[in-house]
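Everything on this sheet refers to the single structure shown next.
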């Protein structure tokens, strides 16, 4: 399970960035959750963001996706400044995410959960919807076909009419990934995708992350706690502690870094 | 699936049911089995249903808790009544009046919704409650600006134009529009806002836009209902649009089941006829008890079936085909 | 200037009565997240209990207040047990509708002729009204009583909540029910205590309202109830000092609007201020702003 098995050379931060974060700082009242955070994610990379609980990892995701406004610093996506944009705009620019504590639309069907996420690409509008116009039906069919395609990739096509809340945990996680993929994002942010999964499911998840990344030419940035996942899929790792970056590099290097061992690996990971 | 052209429909089963029901009621009315008194109650039930469908869109589908629905009902009622009183009452001004009621309510909803829809759940409820009370005060003092509106004394001289046909046709249209709206990409976006606003934003839904859309369209329904109401009793009083009236509509929506068109229809009709039925069934000596029985029914209902009659489901004839599969 | 001060005193009098009602609203909301619409009607029952205590049973005024407080506490606990407790895990809207149902039931039931009846009744005055002149501004002994009793009750409540074991347990439950339960707090009892104390304060408010604006009827609780709730939201719901502050602001604004603008517009102005405050500070004047955790 060592390395990521790819043939090409690992990318580094000197390559042109898909996502660039510069001096990002977020304060909640007196608490500094993220402090002077700078990094790049290069196209086609699979980068991991790790660190102990409360290090500010999810806050970084929330800042990138526009859910929090940054106190200072800037975020560039494909060279364009996205800090200050609303979450739905960030998504429409091509950054999709999943949540640590799965956030599905629980009363909607599995199919509808995915169709909602393709909304901006296939909305007929109020008038066409009310009139059930040919345009409406064409769009609905297109959206449905696209959603079904992603449900099959994630192995959920049989569950299309089930309510999201009735799915077992593992399927809910997969549905959230299908929902994040459907609009064809360029960058996928995964917040602890393996949380709560058993070793078998984790293995399948890693397989899945690798295959969708190849198939859709995705760049992936993920937060993870389980070392097995980080070592298994990540090409590069950024380590955070107390809101700051304490190390960057290949997983094997970072694992040897004394600061990291002290902050994280040595204390609460087996 | 592949038929061409527009399908402004409810599905043929629902339409057949509606037409058969309408003819049946017309025959019963013609045979005098349904007397004018019950006709009026029937109209009131339909009007309540239209207004409640609107609130269901706002609260049941979009998840925005409004306690000020009656204010929009009032705006539609006064707006339409002013129009028909000015232009004279006939079928054309009535149509125009309904349109004006809807547009006025929608405009006010847009103006008030933009700032207050940022508030969440209970805070939004309080803000809309406050707005409702402000509107009531304005209706009470309306004669200072529009003498025709009569202020707290009430507005008289409105043409009696609303009849069962009007109510039925408008209500049918209201059901069709709402049904086609909620079973579409727009409807999915609205429901996603209700389910999880943050996740909706995270999958590209402009939640501000959809909250406003749901609120404005829902309030337009109230405006339409108000316009019909104004021409049913030919008299408007600000007391008909106070806080309790908002509660009444909310009650119909919750008893029917949030996010269910079928539920709202059943509850609106059932509730209106229960209230009036008690009026007829109870002997004169215990008439006062009617007002005691109905809150009791309300409490017992909530204790027994907190999710409402339909709890998020629909009559299958109201669903588009693809939604009819088993879940 | 004297007119201004005079209106300020009148406004404070109204504000203190609102405060007594608002406290119950805010405490109940803080602990079970329920807008207890029946609270205004508990206030009305308090006014009637005081009325019967003084007019029919010829009890002295302080005893009448105690009767009203005890009676309302019992009523509040009873309502919670039969109507709200079964719905604690149901959707919040069900509990809210139930609260409205209870409210309408109390109003319409007491409105029946064999109960209180719809006719307004003049409230007994336990003593003659005397007014004291303070440089052109007059203050009546009634107003002094309203101020004294409300301040005493509010101080007692603050001490109770901050200093006693039960008060601490109540605060623990309002912060986190599950953790409080794990810490050995009896959550059901604490909720009952909260309803009891809140209702008792509303009962006292009812008697004070009765002697200050000497007329009562079964629907008298609706508007003061709504305004007290608004006051609680204005100050920051769930926060005890916030409820007092919000209530005093409501009372003063309302009185000033009547005095300087128009009494028919006073409700519109009061609620207009509420909406503005919510837009600027969505969690109320003393509320902490919380951003949602993702």
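The values are calculated or read from the model by the stated rules, or taken from the named source; none is laboratory data. The shown structure was predicted, so the numbers you read here are calculated from the model rather than taken from an experiment. Because the Cβ atoms are built from the backbone with ideal geometry, glycine has one as well, and the counts that use them run over all protein chains shown.
Taking the stated definitions as given, is residue C:206 more than 10 Å from chain B (Cβ to nearest Cβ) and at pLDDT 90 or above? Spell out how you get there, then give the answer.
Details: more than 10 Å from chain B (Cβ to nearest Cβ): yes; at pLDDT 90 or above: yes.
Against the criterion (more than 10 Å from chain B (Cβ to nearest Cβ) and at pLDDT 90 or above), residue C:206 qualifies.
Confirm whether residue B:286 is in a helix (DSSP H, G or I) and either within 14 Å of chain C (Cβ to nearest Cβ) or touching a strand residue (DSSP E or B) at 6+ places or on another chain (Cβ under 6 Å) (or both). Please lay out each step first, then the result.
On the way: in a helix (DSSP H, G or I): yes; either within 14 Å of chain C (Cβ to nearest Cβ) or touching a strand residue (DSSP E or B) at 6+ places or on another chain (Cβ under 6 Å) (or both): yes.
Yes; evaluated as a whole, the condition is true for this residue.
Does the range A:223-234 contain at least one residue that is closer than 30 Å to residue A:27 by Cα, assigned to a strand (DSSP E or B) and in contact with a strand residue (DSSP E or B) (Cβ under 9 Å, 6 or more places away or on another chain)?
Scanning the range A:223-234 turns up at least one residue that is closer than 30 Å to residue A:27 by Cα, assigned to a strand (DSSP E or B) and in contact with a strand residue (DSSP E or B) (Cβ under 9 Å, 6 or more places away or on another chain).
Before we move on, is residue B:178 surrounded by 24 or more Cβ atoms within 10 Å (Cβ to Cβ), within 14 Å of chain A (Cβ to nearest Cβ) and assigned to a helix (DSSP H, G or I)? Quick ask: steps written out before the conclusion?
On the way: surrounded by 24 or more Cβ atoms within 10 Å (Cβ to Cβ): yes; within 14 Å of chain A (Cβ to nearest Cβ): yes; assigned to a helix (DSSP H, G or I): yes.
Taking the combined requirement at face value, the residue satisfies it.
Go through (1) within 14 Å of chain C (Cβ to nearest Cβ); (2) at pLDDT 80 or above; (3) more than 23 Å from the chain's Cα centre (by Cα) for residue B:305 and report which single condition fails.
Evaluating residue B:305 over (1) within 14 Å of chain C (Cβ to nearest Cβ); (2) at pLDDT 80 or above; (3) more than 23 Å from the chain's Cα centre (by Cα) leaves (3) as the failure.
Quick check on the range B:78-85. Is at least one of its residues without any contact (Cβ under 8 Å) to a residue 24 or more places away in the chain, in a helix (DSSP H, G or I) and in contact with a helix residue (DSSP H, G or I) (Cβ under 9 Å, 6 or more places away or on another chain)?
Taking the range B:78-85 and keeping what is without any contact (Cβ under 8 Å) to a residue 24 or more places away in the chain, we get B:83.
Now narrow it down to the ones that are in a helix (DSSP H, G or I): B:83.
Retained after the next criterion (residues that are in contact with a helix residue (DSSP H, G or I) (Cβ under 9 Å, 6 or more places away or on another chain)): B:83.
Yes, the range B:78-85 has at least one match.
Report yes if residue C:50 is modelled with pLDDT of 95 or more and surrounded by fewer than 24 Cβ atoms within 10 Å (Cβ to Cβ), otherwise no. Lay out the reasoning, then the answer.
Working: modelled with pLDDT of 95 or more: yes; surrounded by fewer than 24 Cβ atoms within 10 Å (Cβ to Cβ): no.
Considered against the rule, which asks whether it is modelled with pLDDT of 95 or more and surrounded by fewer than 24 Cβ atoms within 10 Å (Cβ to Cβ), residue C:50 comes out as no.
Would you be able to say whether some residue in the range B:263-272 is more than 23 Å from residue B:76 (Cβ to Cβ), without any contact (Cβ under 8 Å) to a residue 24 or more places away in the chain and either more than 12 Å from every other protein chain (Cβ to nearest Cβ) or crowded, with 19+ Cβ neighbours inside 10 Å (or both)?
Yes: one or more hits.
Which of the residues belonging to the range A:139-161 are outside any helix (DSSP H, G or I), at the interface with chain B (Cβ under 10 Å from one of its Cβ atoms) and surrounded by fewer than 18 Cβ atoms within 10 Å (Cβ to Cβ)?
Initially, the range A:139-161 is screened for residues outside any helix (DSSP H, G or I), giving A:154-156, A:160-161.
Filter once more, so that each one left must be at the interface with chain B (Cβ under 10 Å from one of its Cβ atoms): A:160-161.
If the condition is that a residue be outside any helix (DSSP H, G or I), at the interface with chain B (Cβ under 10 Å from one of its Cβ atoms) and surrounded by fewer than 18 Cβ atoms within 10 Å (Cβ to Cβ), then A:161 is the only one that fits.
Which residues, counting only those in the range C:180-191, are surrounded by fewer than 16 Cβ atoms within 10 Å (Cβ to Cβ) and either more than 26 Å from the chain's Cα centre (by Cα) or outside any loop (DSSP other than H, G, I, E, B) (or both)?
Of the range C:180-191, the ones surrounded by fewer than 16 Cβ atoms within 10 Å (Cβ to Cβ) are C:181-184, C:186, C:188-189.
Within the range C:180-191, C:181, C:182, C:183, C:184, C:188, C:189 qualify.
So, in the range C:254-274, exactly how many residues are more than 13 Å from every other protein chain (Cβ to nearest Cβ) and crowded, with 20+ Cβ neighbours inside 10 Å?
1
State the number of residues belonging to the range A:111-138 that are within 27 Å of residue A:177 (Cβ to Cβ) and either within 7 Å of chain B (Cβ to nearest Cβ) or part of a loop (DSSP other than H, G, I, E, B) (or both).
Our first condition is that a residue be within 27 Å of residue A:177 (Cβ to Cβ); within the range A:111-138, this holds for A:111-124.
Okay, now just the ones that are also either within 7 Å of chain B (Cβ to nearest Cβ) or part of a loop (DSSP other than H, G, I, E, B) (or both), so A:112, A:115-120, A:122-124.
Within the range A:111-138, residues that are within 27 Å of residue A:177 (Cβ to Cβ) and either within 7 Å of chain B (Cβ to nearest Cβ) or part of a loop (DSSP other than H, G, I, E, B) (or both) number 10.
Each row is one residue, and each column tells you yes or no for (1) under 23 Å from residue B:267 (Cβ atoms); (2) at pLDDT below 95; (3) touching a strand residue (DSSP E or B) at 6+ places or on another chain (Cβ under 8 Å); (4) not in a helix (DSSP H, G or I).
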position	(1), (2), (3), (4)
B:70	yes, no, no, no
B:98	no, no, no, no
B:104	no, no, no, no
B:110	no, no, no, no
B:115	no, yes, no, no
B:122	no, yes, no, no
B:137	no, yes, no, no
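What's the total number of residues in the range C:102-112 that are touching a helix residue (DSSP H, G or I) at 6+ places or on another chain (Cβ under 7 Å) and not in a helix (DSSP H, G or I)?
Residues meeting the conditions: 1.
Assess whether residue B:158 counts as being assigned to a loop (DSSP other than H, G, I, E, B) and touching a strand residue (DSSP E or B) at 6+ places or on another chain (Cβ under 8 Å).
Details: assigned to a loop (DSSP other than H, G, I, E, B): yes; touching a strand residue (DSSP E or B) at 6+ places or on another chain (Cβ under 8 Å): yes.
In short, yes.
Just one of B:213, B:250 is within 14 Å of another protein chain (Cβ to nearest Cβ), in a helix (DSSP H, G or I), out of contact with any strand residue (DSSP E or B) (no Cβ under 9 Å at 6 or more places or on another chain) and closer than 14 Å to residue B:132 by Cβ; which is it?
Details: B:213 fails: closer than 14 Å to residue B:132 by Cβ.
Only one candidate qualifies: B:250.
Restricting the range A:175-204 to residues that are surrounded by 22 or more Cβ atoms within 10 Å (Cβ to Cβ) and assigned to a helix (DSSP H, G or I), which is farthest from the chain's Cα centre (by Cα)?
A:175
From the list A:65, A:25, which one is within 14 Å of chain C (Cβ to nearest Cβ) and in contact with a strand residue (DSSP E or B) (Cβ under 6 Å, 6 or more places away or on another chain)?
On the way: A:25 fails: within 14 Å of chain C (Cβ to nearest Cβ).
Step by step, each of A:65, A:25 is checked, and only A:65 is within 14 Å of chain C (Cβ to nearest Cβ) and in contact with a strand residue (DSSP E or B) (Cβ under 6 Å, 6 or more places away or on another chain).
What number of residues in the range C:125-179 are assigned to a helix (DSSP H, G or I) and without any contact (Cβ under 8 Å) to a residue 40 or more places away in the chain?
Here is the first cut: in the range C:125-179, the ones assigned to a helix (DSSP H, G or I) are C:141-163, C:165-175, C:177-179.
Of the ones still in play, those that are also without any contact (Cβ under 8 Å) to a residue 40 or more places away in the chain are C:141, C:144, C:148, C:152, C:155-156, C:159-160, C:162-163, C:165-169, C:171-172, C:175, C:177-179.
Adding up the residues that qualify gives 21.
Kindly list the number of the only condition in (1) facing chain B (nearest Cβ under 10 Å); (2) surrounded by 20 or more Cβ atoms within 10 Å (Cβ to Cβ) that fails for residue C:248.
(1)
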